[in-house]
1. Could you go through the range 65-73 and let me know if any residue there is farther than 27 Å from residue 15 by Cα, touching a residue at least 60 places away in the same chain (Cβ under 8 Å) and among the hydrophobic types (A, V, I, L, M, F, W, C).
2. Consider only pairs whose beta carbons are under 8 Å apart and that are at least six residues apart or on different chains; among these, list those whose first residue lies in the range 172-183 and is within 15 Å of residue 84 (Cβ to Cβ) and whose second residue is open to solvent by less than 90 Å² (accessible area, probe 1.4 Å) and polar (S, T, N, Q).
3. Of all residues being of a type in the set (Ser, Thr, Tyr) and open to solvent by 70 Å² or more (accessible area, probe 1.4 Å) in the range 10-36, which is modelled with the lowest pLDDT? Just the residue, please.
4. Suppose we keep only residues that are part of a loop (DSSP other than H, G, I, E, B), within 23 Å of residue 186 (Cα to Cα) and among the aliphatic types (A, V, I, L, M) within the range 237-272. Which one would you say is most open to solvent (accessible area, probe 1.4 Å)?
5. Do you know which of the residues in the range 81-96 that are acidic (Asp, Glu) and within 23 Å of residue 264 (Cβ to Cβ) is surrounded by the fewest Cβ atoms within 10 Å (Cβ to Cβ)?
6. If we keep just the residues of the range 138-171 that are in contact (Cβ under 8 Å) with a residue 60 or more places away in the chain and of a type in the set (S, T, N, Q), which is farthest from residue 295 (Cα to Cα)?
7. Would you mention how many residues in the range 237-265 are at negative phi and either under 15 Å from the mean Cα position of the chain (by Cα) or at pLDDT below 95 (or both)?
8. Return the residue satisfying two criteria in turn: it lies in the range 149-167 and is among the charged types (D, E, K, R) and under 15 Å from residue 233 (Cα atoms), and of such residues it is surrounded by the fewest Cβ atoms within 10 Å (Cβ to Cβ).
Amino acid sequence: MITPDLSDTTCDQTASAEQRAREEELLQRVVDSFAGTADLRVKQLLEALVRHLHAFVREVRLSEDEWKQGIDFLTAVGHITDERRQEFILLSDTLGVSMQTIAINNEAYADATEATVFGPFFVDGAPEIELGGDIAAGAAGQPCWVEGTVRDTSGRPVPGARIDVWEADEDGFYDVQYSDTRTAGRGHMFSDQDGNYRFWAITPTPYPIPHDGPVGRMLTAAGRSPMRASHLHFMVSAPNLRTLVTHIFVRGDELLDRDSVFGVKESLIKDFIEQQPGTPTPDGRDLGNRPWSRTRFDIVLAPAAEAEPSHINPVSASNG
C-alpha cells in the first residue's frame, strides 16, 4: 500500500525552507524508527499514524499550550472511562471515526441493508420471544408493531435468521442504565420458514449520549448537540451471510440530520405510522384506548466474507 506524502500539502507554506526541512527531518526520523517492526500491519499502522499526526500538528501550527490542553483532554477521557462507560469510544463516535470504520468494514454489496454503529447497550443472552411477542417487557412507551422479512441479495428468504433487537424506553434509558436487574426493551427471535419476522416494541424516542464528561464539553465548545435521533437497534445473523448490525430511524425526527454519532443513513429511515386508539392490531392484541404505531423493515443480508468471524464480540463499538 502506498502511503501518501502529507508533508508538502499540510505544512504551513509560510514557514521558511529551513524550518520545513527541520520538521520533515524529524518526521522521517520518527517514521524510520519503526523500520524494524516485525509485524508488517503494525508497521503500516504506526508509520501512517505518525505521518498523519505530524501533518495535523504542522498544518495548524500547534502551540505548546494547545498541545498541553490536548493531553489534558485525553487524560480526562481516560479518567472517566470505567467498566460501565467507555469515553474513548464516545470520542470516536462523536468524531465520526466509529461510523467511518463501519463503512470501511461493511462494503456496499448489491442491495444489502446498510450497517451503522453498534451502541454500548447490547446484552448477550437477551430473552427469546416468539414471533409476534413483545420485547418491551414493561418498558415505558407507546406500543409499536414491527414486521418485515430477511432475505439474501438474490432475493431468497432466510429462514431461521437470528434477530436481536434492543432499544431505550420513552425516557431515553436502556434497561442496563437502571440500578435494578430489569430486562426490558430487548429480546431475540428467529425468522420463520419464509424469512418473515414480527414483534411488538415501543416507538423509538430521542435521547442524549452521556455528555457530563470531556466529550460532552467538547460538543458544547463546538456548539453541537449530544442528542441521538430516535432509533431501534437490530443485529441479524445467519449462516454464510454477513452479520448485520444496524438501526432503523423514525422519519420526521428533527434530529435525523444532526445525530450526534453520525449513525443515520437515508436507507434506514422508516415510516412509523401512528394508529389511533381502537385501531385493530395485526395480531388482535387489545391495547384498550391506547394509540400505537407500526413500521416495516425488510432486511437484506450480504454474503459473508471468508474471514468473517462467526460471532460478534458484544463489547461496545459506540455509546449510543
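1. Start the filter on the range 65-73 by keeping residues that are farther than 27 Å from residue 15 by Cα, which leaves 72-73.
Then drop every residue that is not touching a residue at least 60 places away in the same chain (Cβ under 8 Å), which leaves 73.
With the extra rule that they be among the hydrophobic types (A, V, I, L, M, F, W, C), the set shrinks to 73.
Checked against the condition, which is being farther than 27 Å from residue 15 by Cα, touching a residue at least 60 places away in the same chain (Cβ under 8 Å) and among the hydrophobic types (A, V, I, L, M, F, W, C), the range 65-73 yields at least one hit.
2. Short answer, once both residue conditions are applied: 175/183.
3. Taking the range 10-36 as the starting set, the residues that turn out to be of a type in the set (Ser, Thr, Tyr) are 10, 14, 16, 33.
Retained after the next criterion (residues that are open to solvent by 70 Å² or more (accessible area, probe 1.4 Å)): 14, 33.
Working: 14: 74, 33: 98.
Filtering the range 10-36 for residues that are of a type in the set (Ser, Thr, Tyr) and open to solvent by 70 Å² or more (accessible area, probe 1.4 Å), the one modelled with the lowest pLDDT comes out as 14.
4. 264
5. Result: 87.
6. We begin by selecting, within the range 138-171, every residue in contact (Cβ under 8 Å) with a residue 60 or more places away in the chain; these are 139-153, 158, 160-167.
With the extra rule that they be of a type in the set (S, T, N, Q), the set shrinks to 142, 149, 153.
Numbers: 142: 13, 149: 12, 153: 22 Å.
Going through the qualifying residues, I end up with 153.
7. Step one: of the range 237-265, the residues at negative phi are 237-239, 241-251, 253-261, 263-265.
From what's left, either under 15 Å from the mean Cα position of the chain (by Cα) or at pLDDT below 95 (or both): 243-249, 256, 258-261, 263-265.
Matching residues across the range 237-265 total 15.
8. So in the range 149-167, the residues among the charged types (D, E, K, R) come out as 151-152, 156, 162, 164, 167.
From the residues that got through so far, the ones that are under 15 Å from residue 233 (Cα atoms) too are 162, 164, 167.
Values: 162: 15, 164: 21, 167: 27.
The selected residue is 162.
The values are calculated or read from the model by the stated rules, or taken from the named source; none is laboratory data. Computed from a predicted structure; not experimentally measured. When we count neighbours, we look across all protein chains shown, and the Cβ atoms used for this are built from the backbone with ideal geometry, even at glycine. Protein only, heavy atoms only, side chains kept; ligands, DNA and RNA dropped before computing areas. Shrake-Rupley method; radii C 1.70, N 1.55, O 1.52, S 1.80 Å.
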